[in-house]
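Structure first, then comments.
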Amino acid sequence: MLDNLPVNTTVKMLGNELEVCRNDNHQEPTVILFVQIGPFGEDRRFIEKSRDFGPTLLHSFKSGFNEKGRHLFFGEFPPLHPTKKPKVVHRWESNLFDECMLAVGGRACAIHSFFNSQPDESHYFRSMYKTLKPLIFRLQPEKAHEWTMTLLTFACAIPGVGALLRAFYAVQSDALEVEVAGLKFPNPVGLAAGFDKDARWLKQMRVLGFGFVEIGTVTPLPQDGNPKPRLFRLPDDKGIINRMGFNNSGMAAAAARLRRRPPGLIVGGNIGKNKITPNERAESDYVQCFNALYDDVDYFVVNVSSPNTPGLRELQEKEPLQRLLETLMRERSKRSIERPIFLKIAPDLTNNQLDDIVELVQAAGIAGVIATNTTISRKGLKTPAEKVEHMGGGGLSGAPLGSRSTEVIRYLHEQSKGAFPIIGVGGICGPEDAQEKLDAGASLVQVYSGLIHEGPALVKRINQGLITG
Ligand SMILES: Cc1cc2nc3c(=O)[nH]c(=O)nc-3n(C[C@H](O)[C@H](O)[C@H](O)COP(=O)(O)O)c2cc1C
């Protein structure tokens, strides 16, 4: 019999029954139970054929792989709603348990306590990221981005590892589900545009627990972006300055990758114009991207707010913006499925310009707004001014952007009287920041810079924080 696990969970062997009991409360993390059965040789059919090995077990256990002739399975049991009494959440009966009781108990106890000895189980992965961060931050930011994603891609390619990481990172709870613009999001935390410009890492982002991912900004033609260096970290400020300039492999390549996108992940397509396209012909670029990605994304984002494409932000002015949105809505009306369209705006707009946005969004009938993109402001930074100046132009993101982007969200929400959904992004580095955006009127949130400074466990921390309040 196994008892006294460090959270309110017990795993018991009763005769030939394996029972998992829980004292449920909202703070309890997902239980990850490992069961090692064997050794029965390499033949998994031995288990599958066993008459007494209830179908529930094989069904409930998400993944399994062989390890030195043993069969290692793990199951994931998300927290339930609060109850007073300990509750049996799973019970299985099998004559195999008699033989494998010790292996089951030992493995369950060891790994369970590793993951769950703290109320905030992401503690371990945060510490791990803290240890790795000085090494990662020694690399040039663009290289670090590429290498860490390559590493994650390799890890996920090992059988079972992707599922194991997902079991750890993804928080699954009814309390997190949210419907926005007719789409059902498993949780409200998304990856902001710019991180996965070419839709290369959708599977990996699902593993990290994101409820949705926005790819792009995608342009019609592939383009290299601005000369390097063009990406700078501001560790003292938890900030980033970038002037990437829409480096991406173009709409055709993105569409081809999206056709292999993983199921169960909401994907948005953030679209823009090529640098060589003059503003007078910008509409055509947006329409081309819109049509190229239409069948393979769940929503669209019209990006007119990047500071790194000359002249782009002029498209935020009332008349060109109205024309652009109306054109895209007309294109959409030719389709049988209506994909929601969001407009992504800059944090540097005046209140008058924000009033125009409120009017335009409603007049055009688009779904809502993403607030905000990066800022051209350099106010309130701890990083010495000459160092910041040396980095040069570009958009500032991360913690220094947080309060301004919340201000914009609140203003839009109040002025529109909540008439349309807002996706809040800018400076989210923890659950409190996300909650602040939601309290200001956002329906969903996105992160980018916080992920670089806090590590991938940020997504889980935010989701857990939103459940516990
Ligand atoms: C390196 C980098 C590249 C970005 N590229 C894009 C982009 O291509 N399109 C876009 O709409 N936003 C882009 N963004 C802006 C982010 O999507 C987000 O709006 C902004 O960084 C604020 O969020 P954060 O403070 O969580 O980073 C980029 C941000 C960074 C840091």
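The values are calculated or read from the model by the stated rules, or taken from the named source; none is laboratory data. Keep in mind it's a predicted model, so treat the numbers as computed, not measured. Here Cβ is always computed from backbone atoms with ideal geometry, including for glycine, and neighbour counts include all displayed protein chains.
None of 187, 274, 291, 270 is closer than 29 Å to residue 379 by Cβ and not charged (D, E, K, R) except 270.
Within the range 366-386, the set of residues being within 21 Å of the chain's Cα centre (by Cα) and closer than 15 Å to residue 397 by Cβ comprises 370, 371, 372, 373, 374.
Considering the range 293-317, and only residues there that are within 13 Å of the ligand (Cβ to nearest atom) and in a strand (DSSP E or B), the residue that is farthest from residue 373 (Cα to Cα) turns out to be 300.
To keep it simple, each residue is scored yes or no on (1) more than 20 Å from residue 168 (Cα to Cα); (2) β-branched (Val, Ile, Thr).
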residue: 427; (1), (2): yes, no
residue: 435; (1), (2): yes, no
residue: 443; (1), (2): yes, no
residue: 447; (1), (2): no, yes
residue: 456; (1), (2): no, no
residue: 468; (1), (2): no, yes
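Evaluating residue 320 against the criteria (1) in contact (Cβ under 8 Å) with a residue 40 or more places away in the chain; (2) in contact with a Phe, Trp or Tyr (Cβ under 9 Å, 6 or more places away or on another chain); (3) more than 16 Å from the ligand (Cβ to nearest atom); (4) not aromatic (Phe, Trp, Tyr) leaves one unmet condition, (2). Here residue 304 meets each of (1) surrounded by fewer than 22 Cβ atoms within 10 Å (Cβ to Cβ); (2) without any contact (Cβ under 8 Å) to a residue 60 or more places away in the chain with one exception, condition (1). Looking only at residues of the range 368-377 that are of a type in the set (A, V, I, L, M) and out of contact with any helix residue (DSSP H, G or I) (no Cβ under 8 Å at 6 or more places or on another chain), we find that the one that is surrounded by the fewest Cβ atoms within 10 Å (Cβ to Cβ) is 376.
Can you find a residue in the range 273-292 that is more than 13 Å from the ligand (Cβ to nearest atom), under 28 Å from residue 320 (Cβ atoms), of a type in the set (Ser, Thr, Tyr) and surrounded by fewer than 19 Cβ atoms within 10 Å (Cβ to Cβ)? The answer is yes, given that some residue of the range 273-292 is more than 13 Å from the ligand (Cβ to nearest atom), under 28 Å from residue 320 (Cβ atoms), of a type in the set (Ser, Thr, Tyr) and surrounded by fewer than 19 Cβ atoms within 10 Å (Cβ to Cβ).
Applying the selection to the range 327-353, what residues are touching a helix residue (DSSP H, G or I) at 6+ places or on another chain (Cβ under 8 Å), surrounded by fewer than 19 Cβ atoms within 10 Å (Cβ to Cβ) and over 18 Å from residue 272 (Cα atoms)? Listed by number, the residues that qualify are 335, 338, 351, 353. The residues on offer are 365, 392, 380, and the sole one that is farther than 17 Å from residue 424 by Cβ, more than 9 Å from the ligand (Cβ to nearest atom), surrounded by fewer than 21 Cβ atoms within 10 Å (Cβ to Cβ) and modelled with pLDDT under 95 is 380. Across the range 235-265, which residue is nearest to residue 452 (Cα to Cα) among those that are assigned to a loop (DSSP other than H, G, I, E, B) and either within 14 Å of the ligand (Cβ to nearest atom) or of a type in the set (Ser, Thr, Tyr) (or both)? Checked the range 235-265; the qualifying residue nearest to residue 452 (Cα to Cα) is 238. Among the residues making up the range 446-460, a single one is in contact with a strand residue (DSSP E or B) (Cβ under 6 Å, 6 or more places away or on another chain) and either farther than 17 Å from residue 372 by Cβ or more than 9 Å from the ligand (Cβ to nearest atom) (or both): 459.
Mind checking which residues of the range 252-284 are hydroxyl-bearing (Ser, Thr, Tyr) and over 13 Å from residue 310 (Cα atoms)?
284, the sole residue that qualifies.
Please list, ordered by residue number, the strands (runs of 3 or more DSSP E) wholly in the range 124-234 having 1 or more residues that are within 16 Å of the ligand (Cβ to nearest atom).
By residue number, 189-191, 212-218, 231-234.
Cβ-Cβ distances below 9 Å connect the following pairs, each with a first residue in the range 237-249 that is touching a residue at least 24 places away in the same chain (Cβ under 8 Å), a second residue that is among the acidic types (Asp, Glu) and near the ligand (Cβ under 9 Å from one of its atoms), and a separation of six or more residues or different chains: 244/142.
The set of residues in the range 329-354 that are closer than 11 Å to residue 408 by Cα and either in contact (Cβ under 8 Å) with a residue 60 or more places away in the chain or not assigned by TED's automatic domain parsing to the domain that holds residue 267 (or both) comprises 345, 347, 351, 354.
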